[in-house]
Amino acid sequence: ADIYHRVFGIFQKLTGDPTLQSITARHIDQYKALRMNNKRKAVSVNIELRALKAAFNVAIRWKLIEENPCAQVGQIPTPDEPPHFFTPADFEKLLGAITQEWLREMVVFAALTGLRRGELCNLKWQDIDLDAKVVQIHSSATFKTKQGKRRVVALNNTAFLLLQARKEHSPSEYVFTWNDKKIRDQHAGRLFKRAVRAAKLADQQLHFHSLRHTFASWLVQNGASLYQVQKLLGHSNPRITQVYAHLQP
């Protein structure tokens, strides 16, 4: 929901709030050029363009418009580069730079499970089976998983003990909280980037999603197959998991 609110806020300032029927591919191209001129990363702009396209597809389904103005607007080419992930040494530096205990535990849990930031912020105790040592990731009334898919994530001993300790002192329905309140995705992301800068890591392009890459990369480096990593990450297409192939011996 945050990305749609942000993207349409920018789009409205650019276009002057036109009617849905009057929006054309030219408006989308102008938005695309504006975001690139603001030195946004191509990957980020592509995510915003996909959000616009998805929203206009809903307008078509609701019969508010007949055509999607984004249909003929292409994505920005991006270089095919391996994902950024933490080395064990840099991960230790990062943890040392995080001052918030809840964020430190969330970061550790992300690196141990590969959960996305939104999945972590919306994770509830009812989704966790400590006896079976598994977590159920699924959509709810207030949160939708990527592509709406459900998956089961196993817990190793460290992740299990972390959750067990949190549950003993948690009055909230949510697993990761601040002052017993739900944590906003963007807030966690901002604090994470602040910790990366404070740790003075060589790779300043590391962000919260890099923890998911770290989970996968460490698995592959320790002998896990790409098929196993694909299932653990919940990738529907094995080609997505191929970005970690270069880490195999």
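The values are calculated or read from the model by the stated rules, or taken from the named source; none is laboratory data. Nothing here was measured: the structure is a model prediction, and the numbers come from that model. Here the Cβ is made from the backbone with ideal geometry for all residues, glycine too, and neighbour counts use every protein chain on show. For accessibility, only protein heavy atoms count, side chains too; no ligands or nucleic acids. Shrake-Rupley method; radii C 1.70, N 1.55, O 1.52, S 1.80 Å.
Across region 3-87, Cα pairs under 8 Å and at least six residues apart give a relative contact order of 35 percent. Note on region 167-245 and region 40-70: Cα centroid distance 27 Å, given to the nearest whole angstrom. Evaluated with a Cβ-only charge set (Lys, Arg +1; Asp, Glu -1), region 17-126 carries a dipole of roughly 260 debye about its Cα centre, given to the nearest 20. Among the GluC sites (Glu not before Pro) within region 89-185, those in coil by DSSP and having at most 16 neighbouring Cβ atoms inside 10 Å are GLU173.
Of the trypsin sites (Lys or Arg not before Pro) in region 181-211, the ones in a loop by DSSP (not H, G, I, E or B) with at most 11 other beta carbons within 10 Å are LYS200. Here the translational diffusion coefficient of region 124-249 follows from Stokes-Einstein with Rh set to the Kirkwood radius across Cα pairs; for 10 °C and 1.306 mPa s it amounts to 95 µm²/s. Summing +1 for each Lys or Arg and -1 for each Asp or Glu among the other residues whose beta-carbon sits under 14 angstrom from that of ALA33 gives +3. Here the spin labels are modelled as points 7 Å beyond Cα on the Cα-Cβ line, and at GLN204 and SER22 they lie 4.3 nm apart. Partners of LYS32 within straight-line reach, counting lysines whose Cα lies under 20 Å from its Cα and excluding those fewer than 8 residues away in the same chain: LYS13, LYS41, LYS53. When a/c is below 1.5 the answer is rounded, else prolate if a/b is larger than b/c, else oblate, so apply that to region 34-139 with a ≥ b ≥ c taken from the square roots of the Cα gyration tensor eigenvalues. In terms of gyration-tensor shape, oblate. Helix 2-15 versus the longest principal axis of the chain: what is the Cα-based angle in degrees, 0 to 90, to the nearest 10? That helix lies at roughly 20 degrees to the long axis. Extension gain for ALA245-ASN157 works out to 29.0 nm (0.36 nm per residue, less the C-alpha to C-alpha distance). Using the Cβ-Cβ distance between LYS181 and HIS138 with R0 = 22 Å, the FRET efficiency computed as 1/(1 + (r/R0)^6) comes to roughly 0.45. Of the accessible area of the chain, computed with a 1.4 Å probe over protein heavy atoms only, carbon and sulfur atoms account for 52 percent. Taking every C-alpha pair closer than 8 Å and separated by at least 6 residues, the mean separation divided by the residue count of the chain gives a relative contact order of 19 percent. Only Cα pairs under 8 Å and 6+ residues apart enter the sum, and on that basis the relative contact order of region 1-143 stands at 18 percent. Based on alpha-carbon centroids, what's the gap between region 76-126 and region 1-30 in Å, whole number please? The two parts, judged by their Cα centres, are 32 Å apart. Does anyone have the angle between helix 88-97 and the longest principal axis of the chain? Alpha-carbon axes, 0 to 90°, nearest 10? Orientation of helix 88-97: about 80 degrees from the principal axis. With the simple spin-label model, which puts each label point 7 Å out from Cα in the Cβ direction, the ASP129 to GLN147 separation comes to 2.4 nm.
Heavy atoms of the protein chains alone define the surface here; on that basis the chain has 58 Å² accessible area per residue at 1.4 Å probe size.
Full extension of the chain segment joining ALA89 with SER172 gains 26.5 nm, where the gain is 0.36 nm per residue of separation less the Cα-Cα distance.
Taking the C-alpha atoms only, the angle from helix 185-198 to the longest principal axis of the chain is near 70 degrees.
For region 93-132, the dipole from Cβ point charges (+1 on Lys and Arg, -1 on Asp and Glu) about the Cα centre works out to 300 debye, to the nearest 20.
From the Kirkwood radius over Cα pairs of region 200-249, Stokes-Einstein at 4 °C and 1.567 mPa s returns a whole-number translational diffusion coefficient of 113 µm²/s.
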